[in-house]
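All remarks here apply to the structure that follows.
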């Protein structure tokens, strides 16, 4: 017991002594893991329509964040932000999800996912436009390896593109740009506290509810498991993940987070295999090597302890 307590104390001390940029990058990486649960939890949530599901889960995510203000009443001041901050936050969260859901409606989900997962590569490339950021060859190579692994992951399922699906694929493509732009531009508003994301989530929930009422028929979860999946979505992938991602984008290494984001489709597919919703193949194993290798290469700066600019 004494040994365990001493080990825990050393771990806490090491975390506290870790540079802010590294800690923020690790926190941001937790969002990638949470987003990997999105597919499995969405399947488990039953037949709830996309916009209704977005309204429910963003409401849970927003209210969950607001609940932390009970112990920090002053945090509500974070909602007092300029119009451009609100525009970026709401357009980023709602704009991305609206287009992504449209893509899932108008084109095969796997093909839409392939185009949508251009956003990690775009984040790495867009980061070069930020002040004090430099795009090095290993960042680009790592991102391209991740992109190749993601493409192989989906192509291995025998995907074909058709002109009939062009509107949906275009929506997925634009969604990738919106999420990459939102993520990178968040760095320019680094002074805005992460508590402001609470407001963005609540606003997104309200907009999603309006779209649901206008376009969809309400379908509630039918079992306790489905309700639990909706709750888990709101707490994790559509809740805590956005707060972690905001902190990582503002304080961490954007290039590492962008390249590391390619782990999301890999982990997600692995979970689907484990849950029996997909089949394990050699393609998955090769994609794992490409994605993991690309992520490690892009994150080389963290391992060799080079200076990271926060």
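The values are calculated or read from the model by the stated rules, or taken from the named source; none is laboratory data. Since we're looking at a predicted model, the values are computed, not measured. For neighbour counting, all protein chains shown are included, and Cβ atoms are generated from backbone atoms with ideal geometry for every residue, glycine included.
Annotations
- Scanning region 187-213 for residues that are farther than 18 Å from residue 101 by Cα and out of contact with any helix residue (DSSP H, G or I) (no Cβ under 7 Å at 6 or more places or on another chain) turns up 188, 191.
- In region 278-306, residue modelled with the highest pLDDT [restricted to those that are outside any helix (DSSP H, G or I) and in contact with a helix residue (DSSP H, G or I) (Cβ under 6 Å, 6 or more places away or on another chain)]: 280
- Residue 187 meets all of the listed conditions (1) buried (at least 20 other Cβ atoms within 10 Å of the Cβ); (2) closer than 27 Å to residue 124 by Cα but one, namely (1).
- Residues located in region 78-88, provided they are at pLDDT 90 or above and either assigned to a helix (DSSP H, G or I) or at positive phi (or both): 79, 83, 84, 85, 86, 87, 88
- Selection from region 218-262 of residues that are surrounded by fewer than 24 Cβ atoms within 10 Å (Cβ to Cβ), at pLDDT below 85 and either under 10 Å from the mean Cα position of the chain (by Cα) or more than 21 Å from residue 91 (Cα to Cα) (or both): 251
- Taking the listed residues 167, 193, the one that is in a helix (DSSP H, G or I) and either touching a strand residue (DSSP E or B) at 6+ places or on another chain (Cβ under 7 Å) or at pLDDT 80 or above (or both) is 167, with no other qualifying.
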